[in-house]
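Notes follow the structure.
Each value in this text was obtained by applying a stated rule to the coordinates, not by laboratory testing. All of these numbers come straight from a predicted model, not from anything done at the bench. Glycine gets a Cβ as well: all are built from the backbone with ideal geometry, and neighbour counts include every protein chain shown.
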Amino acid sequence: MSDAEAHAYDADMRRANRKKAVEGRSVIFKIKRCDGPGKPSRWESFKVPVEQGANVISSLKLIAAKPITTDGTKTTPVVWDSGCLEEVCGACTMVINGRVRQSCSCLIDEYAPLEGDVITLEPMSKFPVIRDLWVDRDRLFHALTRVKAWVPIDGTYNMGAGPKESPDHQQMRYALSECMSCGCCLEACPQYTKEDEPEKWDTSFVGAHAISQARLFNEHGTGKRLKGDRYDALSGPGGVSDCGNAQNCVKVCPKGIPLTESIGAVGRGTTVHAIKRFFEGKK
Amino acid sequence: MADEKRVIVVGGGLAGLAASVRVAEAGVPVDLFSMVPVKRSHSVCAQGGINACNEVARQQGYSEYQHFDETLIGGDFLNDQHPVLEMANWAPKIIDLLDRMGVPFNRSSEGFRDLRLFGGSLFKRTHFAGATTGQQLLYALDEQTRRFAAEGKVNKMEFWEFLWPITEGEGEDKRCVGIVAQDMRTMQIRSFRADAVVMATGGCGLVFGKSTNSIICTGGAASRCYQAGAWYGNPEMIQVHPTAIPGADKCRLMSESARGEGGRVWVPKKKGDTRRPTDIPENERYYILEERYPKYGNLVPRDIATREIFDVCVNEGMGINGTNQVYLDLTHRDPEYLTQKLGGIMDIYEKFVGDDPRYTPMRIFPAVHYSMGGLWTTYTPGDYQPDSPLGEHKPGNPIPIDAQPGHGLTIGAHNNAMTNISGLYAFGEVNFAYHGATRLGANALLSCIFDGLCNGVSVVNYVREGVDTPASEIPQTVYDQAEKSEQEKHDKIMGSVNTGKGDQSLNPYQIANELGEEMNAASTVVKTGPRLEKCLAKLDELWDRYNRMELGDGAMWTNQSLSFARSVGDMIILGEAIAKAGLLREESRGSHYRTDFPERDDEKFWKASVAKFNSETNRSDIEFMPVKAGLVKLRPRNYGKVDSGTNKEKIPPKPVAEAKA
């Protein structure tokens, strides 16, 4: 099945589930909890009534207002990260029923249509847990600094317009620019492993999102001035050649960003860059 | 000589990032505090675009001055006029800068920036990047901030919550010299020194429970400044957007462009009709806006559309199946056309509701969207000072003043966008100055970035020239005292854990729910004196319960319940100012509509309501202060009045250019 067919199949399944959703039901949330770094994890279950249009966030709010587990034990409200609740800020990413995604757009009717259905929530496994479902994604943002993901403008004073651009080229950049740094591509990547020590972040795999951002800025009229620096950063250990071509990243990206295309483009770019450097005698 | 002076910016949305970049660029180090990684700030949610005069519109008779004039009539003349003039004049240059930063603005076939039509103007003056303009602008500024952070000029303090502004001196001499903040992970509370503090903390949608805002938009930071003595201007001016998707957790915005592309708003004529919308024949549908406003139909401006939808559901009980929802119907349009023109918002609806709006009418209801009010700020006017204020500006007429910087504001004056406390600034949505009683679409992104870029210069000048004793030389006791006071408040809330018997009415989440319901019912679309009085009594009761609140989480690590509980108190305090200013403003103006005072009353109320916190009573004292005007004359905002049966309301104000069309 192609990616597109798989997506369509997914959407069909979810639509079918929505149709059989039972009104007035309760579902069980099984949540992996952890009190803080270095503390052991445990599972807690909560029975939650399903409101109309309920999603994982609204359910977590109900749990927060009445944190009592299915066996009647009083516990603390679950901690989780969230922001816009419109799938555009990237904050509320977690692993739901084994698959990484944003929790705000996860409708209960699609995932648990029947009375007593179970939804499991786990924190992303590639980042250190702060508490419960909240993880520390500093490394993800650090990677953007590593590839100099910005346009080196002269300053913020008025100097006229930027470079002209064809609509096709704008559409291509726009698609890459929708990346909300959520980390789905990293959670799904077999090459991206958990790394708690910040000193090692510059030599461990940078991840699909950052490679794609490097491509975005290489494609900008002024941004490409730093192309060489970006290729240098992506040529060494943890660079683009660490990609194992599993192609999981593109399957889980909520914004449909062509990540594997970006990896291909940047891979070719680094090769050409290396050859050029060789003939220039710069190692 | 080493420049030891520093600036703190609180909030990493468009205003905070623009300010950080501008101040750091001038060589003053910035500490940037945010509750979230700045790339996740609420600015990401803006959809439509950003307004600016442009060459195409200019050749058709448009001008920066016309943009200024439109913004004032849109705001029903409650805006401070000088900063609006300066903002409109800067707008085209701001677009150029964003373009240079790499924002993927949509392009014409020749490669120029594309433009779209937006409410409030005859001219295409709105620049956009797909259906996620706010996200794209935020990312561009986030990238520039990251660059400055890599160079050590901006120090990002993410996951730190602002608790209190630290001030020194009293009365006229009172000035802000730092902040107290808390690490949301370790729960450490500590003070930070700064020679100036910029608040760029956005709006307060969560005071109303469910809104179109992100979950961080409690208004908590603004409320804390207000409690520390900063004035709060026009708190009652809250924009309610007519079309949002009601949800279990929030209301998601459904852009006005849906109606622009032919969307029709209707309910079944028969109350409680349970048939599917597509099964209800044409003659059994009540097209609310088209029948009540034959002239403007579904394209009446935001405030009137909101009031009518509200009226049909709440007063007449004709909402779909008795709920507070109406249909926004696009199913008569070609699905492919809809995908092309409205793809982004079609997808949001399908994703969150589950129905495809190309085939099933959307179910929508108005939702709280934007706070025109905010921290009160002042400024030094620029060199444009007409002998007497001018009347309406018509397209193509000679413009009274060119668009060079410095006509509206004196650029770099220390007090531009400064609150009544020296050294404490308010930028972006939390600044009350720009939008008066209603904000025009696509002006919000502009005011945020304008504040950061233009008034960022004022911050730099103030710390360099206006500060006698640098914060680094202020006695440590000032900071220790502030830190201690916040620690005590924190400990008091933590002390409430498990003290009670699990009384649900003392649960902070329960108190917040009741606050949201009450504020929504009393102080949004339609207000009356008696209802607002009842609301104030309810807020008293909630305040009492808040002070006996029982926290559900005693953890000393990453305690989100504590952070939320603390903001509930701040929201009640802000809610009181919103309701009381609404009660005292006995007129209707822009978004503020009182059925017991349905007319605009310029004699009494062409004034800003200014809330000052009374720490004895924990309530607001409201004063009415003259609007800072002098550039443009007041004029009525009621064109093309149509009497249609039961509706006694005047036709709302159409922006000048459009009404003349």
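Run the numbers for A:Arg99 and A:Leu114: contour at 0.36 nm per residue of separation, minus the present Cα-Cα distance, in nm.
Contour length minus Cα-Cα distance gives 3.4 nm.
Nearest 10 degrees is fine. How inclined is helix A:3-20 to the longest principal axis of chain A, computing both from alpha carbons?
With rounding to tens, the tilt is 20 degrees.
Which translational diffusion coefficient, to the nearest whole µm²/s, is obtained for the range A:1-110 from the Stokes-Einstein equation, given a Kirkwood hydrodynamic radius over C-alpha pairs, 25 °C and 0.890 mPa s?
Rounded, D is 159 µm²/s.
Pairs of alpha-carbon atoms within less than 8 angstrom and 6+ residues apart define the contacts here; what relative contact order does the range B:494-554 have, in percent?
63
Per residue of chain B, what 222 nm ellipticity follows from adding -39500 (n - 2.57) for every DSSP H run with n ≥ 4, rounded to the nearest 500?
-9500 deg cm²/dmol, from helical runs alone.
Starting from the Cα of A:Lys47, draw a straight line to each of the aspartates and glutamates and keep only those under 14 Å, dropping any in the same chain fewer than 8 residues away.
Reachable aspartates and glutamates: A:Asp71, A:Glu115, A:Asp117.
Within 10 Å of each Cβ of B:145-151, how many other protein chain Cβ atoms are there on average?
Mean inter-chain Cβ contacts per residue within 10 Å come to 3.
Under the rule a/c < 1.5 gives rounded, and otherwise a/b versus b/c splits prolate from oblate, where does the range B:386-531 land using the Cα gyration tensor?
Cα axes put the range B:386-531 in the oblate bin.
Under a point-charge model restricted to the Cβ atoms of Lys and Arg (+1) and Asp and Glu (-1), what is the dipole moment magnitude of the range B:502-626 relative to its Cα centre, in debye to the nearest 20?
My answer is approximately 220 debye.
What is the mean number of Cβ atoms from other protein chains located within 10 Å of the Cβ atom of each residue in peptide B:209-221, rounded to a whole number?
For this peptide, the per-residue mean of nearby foreign Cβ atoms is 2.
Summarise the partner chain shielding of B:240-252 as one whole number: the mean count of Cβ atoms from other chains within 10 Å of each residue's Cβ.
Partner-chain Cβ atoms within 10 Å, mean over residues of B:240-252: 4.
What ranking do B:359-371, B:39-51 get when scored by the average of other Cβ atoms within 10 Å per residue, highest first?
So the peptides B:359-371, B:39-51, ranked by packing, come out B:39-51, B:359-371.
Using only Cα atoms, tell me the angle between helix A:167-177 and the longest principal axis of chain A; keep it within 0 to 90° and round to the nearest 10.
50
Setting aside same-chain residues fewer than 8 positions from A:Lys148, which lysines have a Cα under 20 Å from its Cα?
Cα-Cα hits under 20 Å: A:Lys200, A:Lys224, A:Lys227, B:Lys39, B:Lys153, B:Lys156.
Tell me which lysines have Cα within less than 19 Å of B:Lys633's Cα, excluding those fewer than 8 residues away on the same chain?
B:Lys394, B:Lys604, B:Lys607, B:Lys654, B:Lys660
How would the range B:245-288 be classified by its alpha-carbon gyration tensor: rounded, prolate or oblate, with rounded meaning a/c under 1.5 and the a/b versus b/c comparison settling the rest?
oblate
I want the local charge near B:His42. Using Cβ-Cβ distances under 12 Å, sum +1 for each Lys or Arg and -1 for each Asp or Glu among the other residues.
+1
Nearest 0.05, what FRET efficiency do A:Gln171 and B:Glu336 give at R0 = 25 Å with Cβ-Cβ as r?
Working from the Cβ atoms, E equals 0.90.
Report the gain in length on full extension from A:Ala16 to A:Lys47: 0.36 nm times residue separation, minus Cα-Cα distance, nm rounded to one decimal.
Computed gain between A:Ala16 and A:Lys47 is 8.8 nm.
Would you mind working out the magnitude of the charge dipole of the protein assembly as shown relative to its Cα centre, with +1 at each Lys and Arg C-beta and -1 at each Asp and Glu C-beta, to the nearest 20 Debye?
Dipole of the protein assembly as shown, to the nearest 20 debye: 1640 debye.
Going highest first, how would you order A:187-194, B:5-12, B:310-317 by mean Cβ packing within 10 Å?
Top of the packing list down: B:5-12, A:187-194, B:310-317.
So which trypsin sites (Lys or Arg not before Pro) in the range B:472-557 end up in coil per DSSP with only 14 or fewer other C-beta atoms within 10 Å?
Those satisfying the criteria are B:Lys501, B:Arg548.
Would you mind working out the magnitude of the charge dipole of the range A:1-84 relative to its Cα centre, with +1 at each Lys and Arg C-beta and -1 at each Asp and Glu C-beta, to the nearest 20 Debye?
Computed about the Cα centre, the dipole is about 380 debye.
If each residue of separation counts as 0.36 nm, what is the full-extension length gain between B:Thr186 and B:Leu390 once their alpha-carbon separation is subtracted?
Full extension from B:Thr186 to B:Leu390 adds 67.8 nm.
Assign one of three labels to the protein assembly as shown, namely rounded, prolate or oblate, based on the Cα gyration tensor with a ≥ b ≥ c the square roots of its eigenvalues; rounded applies when a/c is under 1.5, prolate when it is not and a/b is larger than b/c, and oblate otherwise.
It comes out rounded by the Cα gyration axes.
Taking R0 as 56 Å, what's the FRET efficiency between A:Tyr9 and B:Lys295 from their Cβ-Cβ distance, rounded to 0.05?
So the FRET efficiency works out to roughly 0.70.
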